[in-house]
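Take a look at the structure set out below.
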Amino acid sequence: MSTHPSKDIVGTKGKELKDKRIVLCITGSVAAVQCPEIARTLMRHGAEVFAVMSPMAQKIIHPYLMEWATGNTIITELTGKIEHVALVGEHPKKADLVLVAPATANTISKIACGIDDTTVTSVVSTAFGSKISIIVVPAMHESMYNHPILSENIKKLKALGVEFVGPRIEEGKAKIAETKEIVDAVIRKLTVKQDFSGLRVLVTAGPTIEYIDPIRVVTNRSSGKMGVAIAEEALNRGAEVTLVYGLGTAAPPRKARVISVETTEQMHEAVVSELKSKKYNVVIAAAAAADWTIEKPYSYKVSTHKLHSISLKLKPTRKIIDYVKKVSPKTFLVAFRAEYKLSKKELIESAYKRLLEADADLIVVNDVGKKGVGFGTETNEVFIVDRKKKVVHVPLAPKREVARKILDVVNEKIKPK
């Protein structure tokens, strides 16, 4: 058997880390329990992961667990095979990045002082000499993290080009960063060009709701995952991002400025206010804003014990994208449109008509009647249509991959000719 069964997940969430070799160095923090998830998530984005465990790390989790997680032999000691050199020495097959996660106070200080006495510190020392990128993810009690000598050692390592992710200060502890934040940092370090650096991007995402009464609402099945993926990708490419976010289930990126809204009118007001108050280079309207609102919502909870049926009169909400160019004519506008079970020709014609109506620069359209496409899914398939009716098809792929393709097209359109 040539390929370990655990590697069947490689690339299932994206290809950002395809052909990238990452060494995951694990030290003796209880946060080591997060390492299988970190390794598996990196693999799902295409990476090949090799784990190196310090002696204390092996007392927290067993090497067999990491062998299962990565599908590769785990380095627990250095032998005549000179494993540290094989992984990160100066040769054509050296790793692309060393990720120390979790990193204890002890290991951070040893690295800063050039002490080389464990498998982990030997790998990191060798990586420095081979000029391999290093990311360190601290995890310890807050009192240890606040030690002035540790602070000096962290500054020292940052000055040498080491990137730090986290920690999260909670419950008196400097906790390891969330897996998503760690993986985003790795992707950004290894793959992402900063082609949106200096740009201000406004993204709308998620569903909005319209109240029937103070309890009940009309809404749609949007999760906000597509818009959040776009915001994450724009951040990773160097943009300053404002996310106007409805009631989606996807967690918004930490580095985005988030404006939370509920109704379509609130989203409309937030977008217009932002465009009036500052210059935005790009607006990407990915939200599934409700198209209809209740003409006369009830001011009290309607009791089903008193009424066996109610009639609701709906009226259209204001279309947010129709106001973007009116308020900010020079902003590059990307509209979104969801259709249901149309032919490809009908899909593109409908999208192009809407693009012209909104004076948009691009429109992204999908058919939510297809399996795996659109609302609530992890994947999407879209057609990107420009003002000349040129169409870019993005086949079914993870939403982060789709976001990347969308921003690639945006970048081509807005960069100087």
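What follows draws every value from the coordinates through simple rules; no lab data is involved. Predicted model only: the values in this text are computed from it and were never measured. Here the Cβ is made from the backbone with ideal geometry for all residues, glycine too, and neighbour counts use every protein chain on show.
The residues packed around residue 23, meaning those with a beta-carbon under 14 Å from its beta-carbon, carry a net charge of +2 if Lys and Arg are +1 and Asp and Glu are -1. Neighbour counts of C-beta atoms inside 10 Å place 84, 4 in the sequence 4, 84, starting with the fewest. Summary value for the stretch 96-139: 64 percent relative contact order, contacts being C-alpha pairs under 8 angstrom separated by 6+ residues. Taking the fewest neighbouring Cβ atoms within 10 Å as the starting point, the ordered list for 113, 35 is 113, 35.
Taking every DSSP beta bridge that has both ends in the chain, the antiparallel portion is near 30%. At full extension, residue 171 and residue 152 could sit 4.5 nm farther apart than now, given 0.36 nm per residue minus the alpha carbon distance. Annotation: amide H of residue 375 has no partner in the under-5 Å range at sequence separation 5 or more or interchain, hydrogens built in the peptide plane.
Against the chain, whose longest principal axis is taken from its Cα atoms, helix 225-236 shows a tilt of about 50°. Charge tally around residue 295: other residues with Cβ under 11 Å, Lys/Arg +1 each, Asp/Glu -1 each, net +2. Between the Cα long axis of helix 399-414 and the first principal axis of the chain there is an angle of about 70°, rounded to the nearest 10.
Think of each Lys and Arg Cβ as +1 and each Asp and Glu Cβ as -1; about the Cα centre, that makes the dipole of the stretch 200-414 roughly 180 debye. Computed from Cα positions, the angle between helix 264-277 and the longest principal axis of the chain comes to roughly 70 degrees. Computed from these coordinates, which is volume of the Cα convex hull per residue in Å³: [x] 204; [y] 195; [z] 218? Identified label for the calculated read-out: [x].
Length available on full extension from residue 258 to residue 388: 0.36 nm per residue minus the Cα-Cα distance, which gives 43.5 nm.
Each Cα pair under 8 Å and six or more residues apart adds its separation to the average, and for the stretch 104-197 the resulting relative contact order is 28 percent.
Taking amide hydrogens as placed 1.01 Å from N in the peptide plane, the amide H of residue 332 sits under 5 Å from those of 282, 283, each at least 5 positions away in sequence or on another chain.
Summarising the amide proton neighbourhood of residue 133: residues at separation of 5 or more, or on other chains, whose placed amide H is nearer than 5 Å comprise 98. Peptides 25-33, 57-65 ranked from most to least packed by the mean count of surrounding Cβ atoms within 10 Å: 25-33, 57-65. Between the stretch 120-187 and the stretch 278-302, what's the alpha-carbon centroid distance in Å? Value for the Cα centre distance between the two parts: 42 Å. Applying 0.36 nm per residue to the separation of residue 296 and residue 373 and subtracting their alpha-carbon distance, the gain on full extension is 24.3 nm. Placing +1 on each Lys and Arg Cβ and -1 on each Asp and Glu Cβ, with no other charges, gives the chain a dipole about its Cα centre of roughly 1340 debye. The residue among 372, 411, 398 whose Cα reaches farthest toward the positive pole of the charge dipole of the stretch 369-417, with charges on the beta-carbon of Lys, Arg, Asp and Glu, is 411.
For 74, 134, 38, the sequence from fewest to most other C-beta atoms within 10 Å is 74, 134, 38. Each Cα pair under 8 Å and six or more residues apart adds its separation to the average, and for the stretch 200-414 the resulting relative contact order is 20 percent. Note on the stretch 66-94 and the stretch 375-417: Cα centroid distance 38 Å, given to the nearest whole angstrom.
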